[in-house]
Each structure stands twice: as C-alpha cells, then as structure tokens.
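The structure appears below as structure tokens.
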Amino acid sequence: MTTPSISASHSASSASLGTGLRKLRGSLQSIGLTVYALVTLYPLIWLFISAFKTNEEFYSRPFGLPDIWNWSNFTRAWEVADMGTAFMNSAIVTLTALVITLVMGALSAYVISRFQFRGKLLVMGIFMLGMLIPIHSTLVPLFILMNKIDILNTYAALILPYTAFEMPIAIFVCVAYMNTFPKEIEEAAMIDGSGYWGIFLRMMLPLSLPALATVGILAFLRYWNDFSFALVFISDPGLKTLPLSLSIFATGYSTDYKLTMAAMALAVIPTIIAYLAFQEQVMKGMTAGAVKG
C-alpha cells in the first residue's frame with residue numbers, strides 16, 4: 001500500500017471515530033436531559049396519581065398506581081373546600097395585582113433606564129433595598145396598619161402588599177433589559193413625532209415583552225400560591241383564596257390526603273397553563289438577560 005492511500009485510510013478512520021464520539025456525546029446528553037426532566041416532573045406526576053387514590057392506598061402504596069381511578073375525589077374536594085369561590089377570589093387578587101405590578105414596574109423601569117435626573121441612583125437603590133426585606137417580618141406591622149385604615153378582609157389587603165413586594169424585582173429585571181436598547185431608536189421615534197408616552201407604548205412595551213413575561217410568571221406563582229398573607233389578613237370565608245381553602249382538609253389530628261391531593265391537583269392547573277402560554281417569552285427573557293446582563 002502506498003503512502004497516500006495509508007494517509008487517506010487514516011483520515012477516514014479519524015473522521016469515523018469523530019462522528020462516533022459526537023453521536024455518543026449526543027446520546028449521553030439526551031439520556032441525561034431525559035432523566036433530569038423525569039426527576040423534575042415526577043413530583044407533579046405523583047401528585048396527580050395520588051389524587052385518584054383512597055386514603056388506604058395512599059398509606060399502603062404511596063408510589064403505586066390506584067386500583068380504581070376515583071374521579072369522585074375531585075368533585076368531593078371541590079364541594080367541601082368551596083373551591084369555586086376560592087378560585088374566583090384567587091383569580092381576582094392575582095390578576096389585579098399582576099396588572100398593577102407590570103404596568104407600574106414597566107413605567108418605573110422606563111423612567112429609570114432612559115432618563116437622567118438627580119437622585120437616580122438613590123431611587124434605584126431604594127427599590128433594590130426592597131428585595132432584601134424578609135416578607136414575613138412585615139406581617140405584624142402590615143396587620144396593624146391595615147387594621148387602622150380598615151382594609152382587613154378586603155381584596156386590597158392582599159393586592160397592595162403583593163404589588164409592593166414584587167415591584168423591586170419587576171423594576172430590576174425591566175431596567176436591566178431596557179438598558180440594552182440603543183438610544184438611536186428613541187431619537188428616531190422623536191424625529192417622527194412620537195412623544196414620551198408614544199415611545200413607551202409603541203416601542204418600549206413591545207420590545208420589553210420577554211422581560212415582562214418573566215416578571216409576570218414569577219409574580220403569578222407568588223400571588224397564586226401565597227398562604228401567609230391570606231392567612232393573616234383574610235378571615236372572611238367568602239374571601240378565602242385557594243391556599244386557605246386547601247388547609248380545610250388538615251386538622252390538628254388528621255389529614256384527608258385523597259381530598260388534599262385532588263384539591264392541590266386542581267389548584268396547580270392554572271399555573272401550568274400560565275407557564276405553557278408564556279414559556280416562549282420567558283425563555284427569551286432569560287436567555288437575553290444571560291447574554292446581555
């Protein structure tokens with residue numbers, strides 16, 4: 001065999017080995033990601049499977065499948081916990097607080113990121129200081145304040161603190177995102193006759209959708225799942241939110257796990273729908289922040 005033919009054979013074998021290594025690396029990555037996805041999703045799968053069990057099956061075979069899929073657990077949990085009213089209350093509080101958070105957060109971020117004024121760093125620092133305050137340490141002062149202004153047992157008792165504690169995160173994310181926009185697009189818009197409100201509504205808001213979607217998902221999860229504020233500020237049964245309604249299945253001596261799991265499965269469905277609806281925008285916001293931040 002001549003030298004050129006040996007060299008060509010060696011190159012072909014190296015290329016084949018490289019292709020094989022790439023396929024092996026890709027297969028290992030796929031297997032690893034599949035295992036990670038299963039580990040991440042298993043608690044949710046376990047929740048939905050457990051929602052169909054009896055209490056005896058929950059104790060005797062916590063990780064097995066139920067003998068009979070008891071759909072009646074869901075209707076029973078819905079009636080006992082008055083989840084229709086709780087769903088409505090949670091939706092009103094969550095959506096109202098979410099809209100206020102996004103609107104106020106976007107407006108504040110627009111001013112801080114695009115304008116130069118005296119005390120700008122101080123204003124930003126005060127907002128960022130809000131991220132360091134432990135929320136639960138404010139329960140007693142807030143309870144006294146709300147009692148004085150007579151808004152306990154109202155939707156405002158939840159909407160106002162929810163919005164206040166989420167504003168620093170909303171401003172932080174939106175300011176970081178808006179800082180990446182070139183100044184020239186605002187100057188071009190002003191030459192075309194747009195004012196500050198026109199620039200905000202027609203340019204800043206559409207361009208900031210990924211950041212706003214990220215803030216919206218985080219805020220939605222916090223508002224929808226909050227238990228401590230609702231427990232302290234709401235005592236009227238007609239105003240109880242979903243986390244409070246779920247606590248009815250547990251007493252100091254026992255817990256009805258079949259109804260608890262069924263109610264939790266119903267309560268988690270809106271959060272799954274919200275994430276699936278905005279997952280593309282959330283991923284854009286997270287990846288953009290990772291590259292530009």
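The values are calculated or read from the model by the stated rules, or taken from the named source; none is laboratory data. On a predicted model such as this, the values are computed, not experimentally measured, just so you know. Reconstructed Cβ throughout: ideal geometry from the backbone, glycine too, with neighbour counts over all protein chains shown. Each accessible area value is taken on the protein alone, full model and side chains, heavy atoms only, with ligands, DNA and RNA left out. Shrake-Rupley method; radii C 1.70, N 1.55, O 1.52, S 1.80 Å.
Points to keep in mind about this one:
- Against the list (1) in a helix (DSSP H, G or I); (2) open to solvent by 60 Å² or more (accessible area, probe 1.4 Å); (3) farther than 25 Å from residue 225 by Cα, the condition residue 118 fails is (1).
- Matching residues in the range 54-69 - criterion: being within 18 Å of residue 255 (Cα to Cα) and over 29 Å from the mean Cα position of the chain (by Cα): 54, 55, 56, 57, 58, 59, 60, 61
- In summary, residue 127 fulfils each of the numbered conditions (1) surrounded by fewer than 19 Cβ atoms within 10 Å (Cβ to Cβ); (2) farther than 29 Å from residue 270 by Cα with the single exception of condition (1).
- Subset of the range 208-252 that is closer than 30 Å to residue 111 by Cα and of a type in the set (Val, Ile, Thr) - its residue that is least open to solvent (accessible area, probe 1.4 Å): 215
- Taking the criterion of being touching a residue at least 60 places away in the same chain (Cβ under 8 Å) and either surrounded by 15 or more Cβ atoms within 10 Å (Cβ to Cβ) or in contact with a Lys or Arg (Cβ under 7 Å, 6 or more places away or on another chain) (or both), the residues of the range 144-168 that qualify are 146, 152, 154, 155, 157, 158, 159, 161, 162, 163, 166, 167.
- Exclusive hit being in contact (Cβ under 8 Å) with a residue 12 or more places away in the chain, in contact with an Asp or Glu (Cβ under 7 Å, 6 or more places away or on another chain) and in a helix (DSSP H, G or I), set 94, 85, 101: 101
- When we screen 112, 144, 49, 126 for residues that are within 24 Å of residue 245 (Cβ to Cβ) and part of a helix (DSSP H, G or I), the only hit is 49.
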